[in-house]
Number of protein chains: 2
Amino acid sequence: MSKKLTKRSEDYSKWYNELVVKADLAESSAVRGCMVIKPYGFAIWEKMQAQLDKMFKETGHENAYFPLFVPKSLFEAEEKNAEGFAKECAVVTHYRLQNDPDKEGKLRVDPEAKLEEELVVRPTSEAIIWNTYKGWIQSYRDLPLLINQWANVVRWEMRTRLFLRTAEFLWQEGHTAHATREEALKEAELMQSVYADFAENYMAMPVIKGTKSESERFAGADETYTIEALMQDGKALQAGTSHFLGQNFANAFDVKFTTREGKQEYVWATSWGVSTRLIGGLIMTHSDDFGLVLPPKLAPIQVVIVPIYKGEEQLEKITDKIKPMIESLKQEGISIKFDDRDTLRPGAKFAEYELKGVPIRIAIGNRDIENNTLEIARRDTLEKETISGEDVVFKVKTLLEQIQSNLLDKAKSYRDNYLTEVKDFEEFKEVIGNKGGFVLAHWDGTEETENKIKEITKATIRCIPNNGKIEEGICVYSGKPSKRKVLFAKAY
Amino acid sequence: MSKKLTKRSEDYSKWYNELVVKADLAESSAVRGCMVIKPYGFAIWEKMQAQLDKMFKETGHENAYFPLFVPKSLFEAEEKNAEGFAKECAVVTHYRLQNDPDKEGKLRVDPEAKLEEELVVRPTSEAIIWNTYKGWIQSYRDLPLLINQWANVVRWEMRTRLFLRTAEFLWQEGHTAHATREEALKEAELMQSVYADFAENYMAMPVIKGTKSESERFAGADETYTIEALMQDGKALQAGTSHFLGQNFANAFDVKFTTREGKQEYVWATSWGVSTRLIGGLIMTHSDDFGLVLPPKLAPIQVVIVPIYKGEEQLEKITDKIKPMIESLKQEGISIKFDDRDTLRPGAKFAEYELKGVPIRIAIGNRDIENNTLEIARRDTLEKETISGEDVVFKVKTLLEQIQSNLLDKAKSYRDNYLTEVKDFEEFKEVIGNKGGFVLAHWDGTEETENKIKEITKATIRCIPNNGKIEEGICVYSGKPSKRKVLFAKAY
């Protein structure tokens, strides 16, 4: 496969698919809709996990692990949730294979080993977790229960795309239990802001916080808080959701607690999750026609050093010069790769690290040794400059910060340019159809209008923004009264 | 449930089951054979993971992620491996549920949504991974490939026990590819020593390194390296295995590479894994009739501080006194819990932390404030002493080291006492039947003898020790010639 990418302007979707594969992030597997996350892609996920896990723990959560399987009878207990996921469930029906009597050396499912009750491979874990919480919660003293799980889940999607929508994906799912409605609401909102903080300050991906319309809510939730990001092709990406589940699961699994006053009450719940889908968002927020662009805080390799040399002797000189610099940079917690492979020419290495989005590239040749200089290039702007060897630590540290904030600024200004307030439906259609991006428009609050708009424009309500103004207006589609503008977009 | 544990001498197995539940480590779930790992148990697993992951990366490995499911046709490609796991495979046959027309509000498997090819939930990932490696390996330049995966796997075991044997468990599985037989063998041995290092220096669990007899080998391996530990009831626990897979999977999945000389050759393979079973081993190596005993290096809470007070005013005084100490201890990287709950009396707290195996307990009361003293108690020996407040950091650091090494020494001396060399089969039966533990005995090397011994005594060959003497001898059972003693035991 050629290293050259399709241009974004030619075919954004093709560009994305090629980039994911060529930058060694992930690839399709032999299992329909399931991906293999390759080491470089997984290293990004590890960085994300480490930071999110820290943020969850700082907000009082602990990790635990619940079974992969959900017995069908538990799965169906919360009816809305079950209905929402029933159509995409992988189901285990048997627990044994045997030699196929008709085919030498082949196996078949042993018909004698049929399960009495089928097991659903978890598409989400509310059911199995709330069935467990029933045993853990008796009194107000057992609350709140603040638990997170890192896990794989399976949703049998018909149309899949690497990272964005796969049959199996990795995620974290928080599941908390509270004594009061207010506390649960506060928790759901808190986790929305933790996600927004992570998206903006680590992924350098600006997001709009809001709540979902009823039809876009998580199945089984009373309210879904979301963070919505805008991709370079003008489509929105739902990047993380946090659900206020009311007492729905407590009801379904009969989880009550004794209050301080000795009364029996149902427990209040939240759940919240982000997944490997974030990697898709990261790619589509920053990358360009040369390849991946990674924010320094999530880059597995922050700095790559490429020696430009002819023969062993020159390489040795360069290595001697560069070693103490590498040490000083490592001591600052910077992750560095020194690429002295002799099987690839410097130009090919430059292209490889551009493709892989390494934030800073340092090149050092024979003349640099004489002059005590280095060439330093930043991936985001592709600018190069020659610096003195003494300045390297300071320069690298400064540049990493600059790249991180530049990426956020760039993404913010793009997002702001593609957030259009419209007055009527003609303008709505025009913007969604041509310019793309987010559209802020008055909506009458009915599912009917929401569906009509979707039918005509393919745009959905991404969220009702948290900080939206309350104002009198009329719905762009129906002309009926509306109290505030909501955010529409075509979405992934 | 009473907090009091069954004594080990009364019923070791009951003691274990009670301890796991009462110390809040894990519990059975609604899914047959699957466990819920509770936050305290999971925190131990996180500590294990962090250390192992560090050791894997230091030895050049990277993490990646492969699909949960293995299509049946891939699963059966390596016949020995498939045969070994076929009897315990959970199989996904359908991808959708639908409303049950006969039962209002219930779901059933949609008969229209039958998969063309069944999917096995991975019991281990050689098949799916080697099918993927086929695309990654063309030339010697692509080798070695050193990859690890942290994942859940499912083996449909009929008799399950929390941590030790569950239908779903968490583990890591390394899968490496090499250009030569020698390099692959070296890798398999290296990972055996990494596991042994982790077991001894972090878990404080001494292990014997060796290789498995042919009948005890991993299905599909040419050699299995193992580490074997001895539990307090005289039974052995296989704590980690590392397999030299020869070219078996390369053959099955047709994975060849071009050598430096331009020839086509099959790739050599290893795989290696440890699982949440290690937590079972940790428990059964150190714990006592009062509860869990944790080595400091893996304890989620290393020091608990319990204030002894009457009324708010006394608590405030103690808190003021203790706060700077907590800060100094935290700065040393020590994990601390200050338990000032007013819902539990100090005695109950003491019992709780004994049950949970917290290595050091500090108690501080009103009189201690006056005298500038603290009471410090160690969990391993249950010894208490009163120390001066100034000495706390030094004392805690020293004690943590002492506890860690004392636990290893104790476990080693137990293991050495229960490692018996026997000369004939009478003695063999006597030791296995009464004393228990490891038995070193000559064996003629045949599977027939191995099976007979197992039939009569329930002891299996745990390993052929790495450092075993080569000497002329006669098999304890058959009287045939033998070249070295091997290690027998009853095992988990």
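Among the numbered conditions (1) facing chain A (nearest Cβ under 10 Å); (2) more than 20 Å from A:Trp156 (Cα to Cα), the only one that B:Phe163 does not meet is (1). Summed over region A:341-357, residues that are under 13 Å from A:Ile305 (Cβ atoms) and in contact (Cβ under 8 Å) with a residue 40 or more places away in the chain total 4.
For region B:426-444, indicate whether the set of residues that are within 30 Å of the chain's Cα centre (by Cα) and polar (S, T, N, Q) is non-empty. Yes, region B:426-444 contains a residue that is within 30 Å of the chain's Cα centre (by Cα) and polar (S, T, N, Q). Condition first: of a type in the set (Val, Ile, Thr) and assigned to a helix (DSSP H, G or I). Can you find one or more residues in region A:291-310 that meet it? No: zero hits.
Got at least one residue in region A:139-157 being outside any helix (DSSP H, G or I), within 12 Å of chain B (Cβ to nearest Cβ), of a type in the set (Asp, Glu) and touching a Cys at 6+ places or on another chain (Cβ under 9 Å)? Within region A:139-157, not a single residue is outside any helix (DSSP H, G or I), within 12 Å of chain B (Cβ to nearest Cβ), of a type in the set (Asp, Glu) and touching a Cys at 6+ places or on another chain (Cβ under 9 Å).
Of all residues in region A:47-57, those that are in contact (Cβ under 8 Å) with a residue 24 or more places away in the chain, more than 11 Å from chain B (Cβ to nearest Cβ) and not aliphatic (A, V, I, L, M) total 3. Only one of the numbered conditions (1) in contact with a Leu (Cβ under 9 Å, 6 or more places away or on another chain); (2) within 18 Å of A:Pro144 (Cβ to Cβ) is not met by A:Gly280, and that is (2).
Which residues, taken from region A:52-75, are farther than 14 Å from A:Met191 by Cα and assigned to a helix (DSSP H, G or I)? Residues satisfying the conditions are A:Lys72, A:Ser73, A:Leu74, A:Phe75.
Residue-by-condition table, conditions (1) within 14 Å of another protein chain (Cβ to nearest Cβ); (2) surrounded by fewer than 17 Cβ atoms within 10 Å (Cβ to Cβ); (3) closer than 17 Å to B:Val153 by Cα:
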{"residue": "B:Leu19", "(1), (2), (3)": "no, no, no"}
{"residue": "B:Lys22", "(1), (2), (3)": "yes, no, no"}
{"residue": "B:Ala26", "(1), (2), (3)": "yes, no, no"}
{"residue": "B:Lys38", "(1), (2), (3)": "yes, no, no"}
{"residue": "B:Thr59", "(1), (2), (3)": "no, yes, no"}
{"residue": "B:Glu62", "(1), (2), (3)": "yes, no, no"}
{"residue": "B:Phe69", "(1), (2), (3)": "yes, no, yes"}
{"residue": "B:Lys72", "(1), (2), (3)": "yes, no, yes"}
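The number of residues in region A:101-123 that are of a type outside the set (A, V, I, L, M) and either within 10 Å of another protein chain (Cβ to nearest Cβ) or in contact with a helix residue (DSSP H, G or I) (Cβ under 7 Å, 6 or more places away or on another chain) (or both) comes to 11.
Taking the listed residues A:Ala204, A:Ala188, A:Ala184, the one that is buried (at least 19 other Cβ atoms within 10 Å of the Cβ), at positive phi, among the aliphatic types (A, V, I, L, M) and outside the structural domain of A:Arg484 (by TED's automatic domain parsing) is A:Ala204, with no other qualifying. Is it fair to say B:Pro346 is loosely packed, with under 15 Cβ neighbours inside 10 Å and more than 14 Å from every other protein chain (Cβ to nearest Cβ)? Yes, satisfied.
Among the numbered conditions (1) more than 7 Å from chain A (Cβ to nearest Cβ); (2) outside any loop (DSSP other than H, G, I, E, B); (3) at pLDDT 95 or above; (4) surrounded by fewer than 23 Cβ atoms within 10 Å (Cβ to Cβ), the only one that B:Glu10 does not meet is (2).
One residue alone among A:Thr6, A:Thr93 is among the hydroxyl-bearing types (Ser, Thr, Tyr) and not assigned by TED's automatic domain parsing to the domain that holds A:Asn152, and that residue is A:Thr6. Checked across region B:269-288, the condition of being in contact with a helix residue (DSSP H, G or I) (Cβ under 8 Å, 6 or more places away or on another chain) and either surrounded by fewer than 18 Cβ atoms within 10 Å (Cβ to Cβ) or acidic (Asp, Glu) (or both) holds for no residue.
Taken over region A:166-181, the criterion of being part of a loop (DSSP other than H, G, I, E, B), surrounded by 22 or more Cβ atoms within 10 Å (Cβ to Cβ) and aliphatic (A, V, I, L, M) is satisfied by A:Ala167 alone.
Take the conditions part of a strand (DSSP E or B) and out of contact with any Leu (no Cβ under 7 Å at 6 or more places or on another chain) and apply them to A:Gly240. Does it pass?
Criteria met by A:Gly240.
Yes/no per residue for (1) charged (D, E, K, R); (2) without any contact (Cβ under 8 Å) to a residue 60 or more places away in the chain:
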{"residue": "B:Leu315", "(1), (2)": "no, yes"}
{"residue": "B:Lys321", "(1), (2)": "yes, no"}
{"residue": "B:Lys330", "(1), (2)": "yes, yes"}
{"residue": "B:Gly333", "(1), (2)": "no, yes"}
{"residue": "B:Asp339", "(1), (2)": "yes, yes"}
{"residue": "B:Pro359", "(1), (2)": "no, no"}
{"residue": "B:Gly365", "(1), (2)": "no, yes"}
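Out of all the residues in region A:328-340, is one or more in contact with an Asp or Glu (Cβ under 7 Å, 6 or more places away or on another chain) and not acidic (Asp, Glu)? Scanning region A:328-340 turns up no residue that is in contact with an Asp or Glu (Cβ under 7 Å, 6 or more places away or on another chain) and not acidic (Asp, Glu). Checked against (1) farther than 27 Å from B:Phe66 by Cβ; (2) of a type in the set (Lys, Arg); (3) surrounded by 24 or more Cβ atoms within 10 Å (Cβ to Cβ), A:Lys134 meets all criteria but (3). For region B:78-100, indicate whether the set of residues that are more than 26 Å from A:Tyr65 (Cα to Cα), free of Cβ contacts under 8 Å to residues at least 12 places away in the same chain, more than 7 Å from chain A (Cβ to nearest Cβ) and in a loop (DSSP other than H, G, I, E, B) is non-empty. Yes, some residue in region B:78-100 is more than 26 Å from A:Tyr65 (Cα to Cα), free of Cβ contacts under 8 Å to residues at least 12 places away in the same chain, more than 7 Å from chain A (Cβ to nearest Cβ) and in a loop (DSSP other than H, G, I, E, B).
What residue, among those in region A:182-210 that are outside any loop (DSSP other than H, G, I, E, B) and β-branched (Val, Ile, Thr), is farthest from the other protein chains (Cβ to nearest Cβ)? This residue is A:Ile208. The residues in region A:411-429 that are assigned to a helix (DSSP H, G or I) and surrounded by fewer than 17 Cβ atoms within 10 Å (Cβ to Cβ) can be counted, and the count is 6. All of A:Asp222, A:Asp233, A:Asp254 fail the test of being within 30 Å of A:Ser9 (Cα to Cα) and surrounded by fewer than 24 Cβ atoms within 10 Å (Cβ to Cβ), apart from A:Asp233. For region B:225-261, the set of residues classified as polar (S, T, N, Q) and out of contact with any Gly (no Cβ under 7 Å at 6 or more places or on another chain) consists of B:Gln232, B:Gln238, B:Ser242, B:Gln247, B:Asn251, B:Thr258, B:Thr259, listed by residue number. Screening the candidates B:Lys454, B:Lys483, B:Lys469 for the property of being outside the structural domain of B:Gly234 (by TED's automatic domain parsing) and in contact with a Ser or Thr (Cβ under 6 Å, 6 or more places away or on another chain) yields one hit, B:Lys454.
The values are calculated or read from the model by the stated rules, or taken from the named source; none is laboratory data. Since this is a predicted model, take the numbers as computed values, not measurements. Cβ sites come from the backbone with ideal geometry, for glycine too, and all protein chains shown count toward neighbours.
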